[in-house]
Amino acid sequence: MSSNLPNDKHHSKPKFPDHFGDFMKSMNDFFSEKPIRGFLQSIDDFFKAPFPFDGGFQVKTDETDTEYIVTAELPGVKREQIHLNMTGQYLTISVENNELETAEDDNNQIYRRKVFRQQSSRTVALPAAVNDRKIKASYRDGLLQIRIPREKGRIIEID
């Protein structure tokens, strides 16, 4: 018998170059090397933590027998940048930062103005509608605390 038969154990397939594997390795190397890796990382970081408060600010809600307490951590925010809105059973806390930067050069008569606007908001759903006239809010040391009294419903007797 001939030793060149296809069923021969010693017969080996001719090796072809693995172009697809080489291409994939090249692409992997391309995206993992700098500056591409740094660029892609910066895009990832941007979408993970958009301005101004890393995709929102921390809000904590607590409930007692007499009131709901909503606490928001807003370090570095001024009181006039905070806006509260109560609609039905939804409380919205908004933080808005508007900055105006101007540069003037009287010699060359060049004037430049830039307006920076940043806004972030969170909405908290309360279990029931509340009387918005009785809501109290305080802001100290970067901590906003909103106290919302719980309303007692009217007891209805059955005939």
Exercise for review: Give me Phe23, Phe57 ranked fewest to most by other Cβ atoms within 10 Å of their Cβ, as a rough exposure proxy.
Suggested key: Phe23, Phe57
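Calculate the FRET efficiency for Gln81 and Arg133 from the Cβ-Cβ distance with a Förster distance of 25 Å, rounded to the nearest 0.05.
Numbers: r = 24 Å, r/R0 = 0.97.
FRET efficiency, Gln81 to Arg133: 0.55.
So how do Ile82, Ile158, Ile69, Ile110 line up by other beta-carbon neighbours within 10 Å, fewest first?
Ile158, Ile110, Ile69, Ile82
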Practice item. Using amide H atoms built 1.01 Å from N in the peptide plane, name the residues 5+ places from Tyr68, or on other chains, whose amide H lies under 5 Å from its own. Key: Ile148, Arg150
**Study point:** Under the Karplus curve 6.51 cos²θ - 1.76 cosθ + 1.60, θ = phi - 60°, whole-Hz ³J(HN,Hα) for region 63-73, x wherever Gly or Pro sits
**Key:** 9, 10, 5, 10, 7, 9, 10, 10, 10, 10, 8
Study note, to complete from the structure: Cβ density ranking, 10 Å radius, fewest first, applied to His19, His83 yields His19, His83
Check your understanding: Mind checking the log10 I(q)/I(0) for region 59-149 at q = 0.18 Å⁻¹? Debye, one equal scatterer per Cα, no solvent, two decimals.
Key -> -0.81
**Study point:** Dipole of region 59-149, positive end: most advanced residue of Ala125, Ala103, Ile93 [Cβ charges, Cα centre]
**Key:** Ala125
Practice item. State the extension gain, in nm to one decimal, for the chain segment bounded by Ile156 and Tyr111, taking 0.36 nm per residue of separation less the distance between their alpha-carbons. Key: 9.3 nm
Exercise for review: Compute the distance in nm between two label points, each set 7 Å from the Cα along the Cα-to-Cβ direction, one at Met24 and one at Asn97.
Suggested key: 4.5 nm
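All of the numbers you see were taken from the coordinates with simple rules; none came from a lab. Bear in mind that the values here come from a model prediction, so they are computed numbers and not experimental data. Methodologically, a virtual Cβ is constructed for each residue, glycine included, from the backbone with ideal geometry; neighbour enumeration extends over all protein chains shown.
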